[in-house]
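Visitor: After the structure tokens below, expect a handful of questions from me.
The values are calculated or read from the model by the stated rules, or taken from the named source; none is laboratory data. Values in this document were obtained by computation on a predicted structure and should not be read as measured data. Here Cβ is always computed from backbone atoms with ideal geometry, including for glycine, and neighbour counts include all displayed protein chains. These area figures cover heavy atoms from the full protein model, side chains too; ligands, DNA and RNA do not enter into them. Shrake-Rupley method; radii C 1.70, N 1.55, O 1.52, S 1.80 Å.
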Amino acid sequence: MGIAVRQMEEAVSFYTNILGGVIVDEYTSEAPGVETHITIIDIDGSRVELLRPTSKTSPIHRFIQQKGKGVHHIAYKVPELDEAISELKGQGIRFLEDTRRTNIHGRRLIYINPADTEGTIIELCDYPDQK
């Protein structure tokens, strides 16, 4: 789950001190269309990504401006991203093609068009190096 935050330190404190999570990774992506500082926290085997925009052109910045801080997206791990995309496209599901990328850890991802999900931003991802 991706959570849009304004203040990373306060969010990390809540997820670690109050919910008992553990920071497992932290990095900044300045890639166009991302521009976000990300802290990944493990809470009893579930991962939460805290997302703080690093520029006014970041989609997370726009999200916070429009909807405020809070849940930005839900991610679902699929066995093979290309197959999942093909299968869903066959069912008429559209994707935000410009969101397709591979992050610094080799996770491939893409977002489903929220118009097809009743407004929820859903990410599909796989980890091809972990097969």
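Visitor: Please calculate the 1.4 Å probe accessible area of ASP82, with all protein chains present, and give it to the nearest 10 Å².
Guide: Taking all protein chains as shown, ASP82 has close to 70 Å².
Visitor: Karplus couplings for region 9-16 from phi (6.51 cos²θ - 1.76 cosθ + 1.60, θ = phi - 60°), rounded to Hz, Gly and Pro as x?
Guide: Running phi through 6.51 cos²θ - 1.76 cosθ + 1.60 with θ = phi - 60° gives 4, 5, 5, 4, 4, 4, 5, 8 Hz.
Visitor: Between ARG94 and residues 5 or more places away or on another chain, which pairs have amide H atoms under 5 Å apart, with H built 1.01 Å from N, and which residues are they?
Guide: Under 5 Å from the amide H of ARG94: ASN113.
Visitor: Tell me, what is the Rg over Rh of region 44-101, with Rh the Kirkwood radius over Cα pairs?
Guide: My calculation of the ratio gives 1.03.
Visitor: Counting Lys and Arg as +1 and Asp and Glu as -1, each charge on the Cβ, what is the dipole of the chain about the Cα centre in debye, to the nearest 20? Mind dumping the intermediate values first?
Guide: On the way: 15 positive and 20 negative charges, 82 e Å.
My answer is approximately 400 debye.
Visitor: Based only on the alpha carbon positions, what is the Kirkwood hydrodynamic radius of the chain, in angstrom?
Guide: Numbers: mean 1/r = 0.0649 Å⁻¹.
That comes to 15.4 Å for the chain.
Visitor: In a shell of Cβ-Cβ distance under 10 Å around PRO53, excluding PRO53 itself, what net charge do Lys and Arg (+1) and Asp and Glu (-1) give? Can you show the working numbers first?
Guide: Working: positive: ARG6, ARG52, LYS56, ARG62; negative: GLU35.
After counting each charged neighbour, the total is +3.
Visitor: Using Cα springs under 10 Å in a Gaussian network model of the chain, which residue among SER58, SER29, SER13 shows the largest mean-square fluctuation?
Guide: Of SER58, SER29, SER13, the Gaussian network model singles out SER13 as fluctuating most.
Visitor: Something else: Enter the accessible area per residue of the chain (Å², integer; probe 1.4 Å; all protein chains in place).
Guide: Per residue, the chain has 58 Å² of solvent-accessible surface.
Visitor: How far is helix 81-90 tilted, in degrees, relative to the longest principal axis of the Cα atoms in the chain, given as a value from 0 to 90 rounded to the nearest 10?
Guide: 60 degrees
Visitor: How large a share of the accessible area of region 29-131, in percent, is made up of carbon and sulfur atoms when the probe is 1.4 Å and the other protein chains stay in place?
Guide: 50 percent
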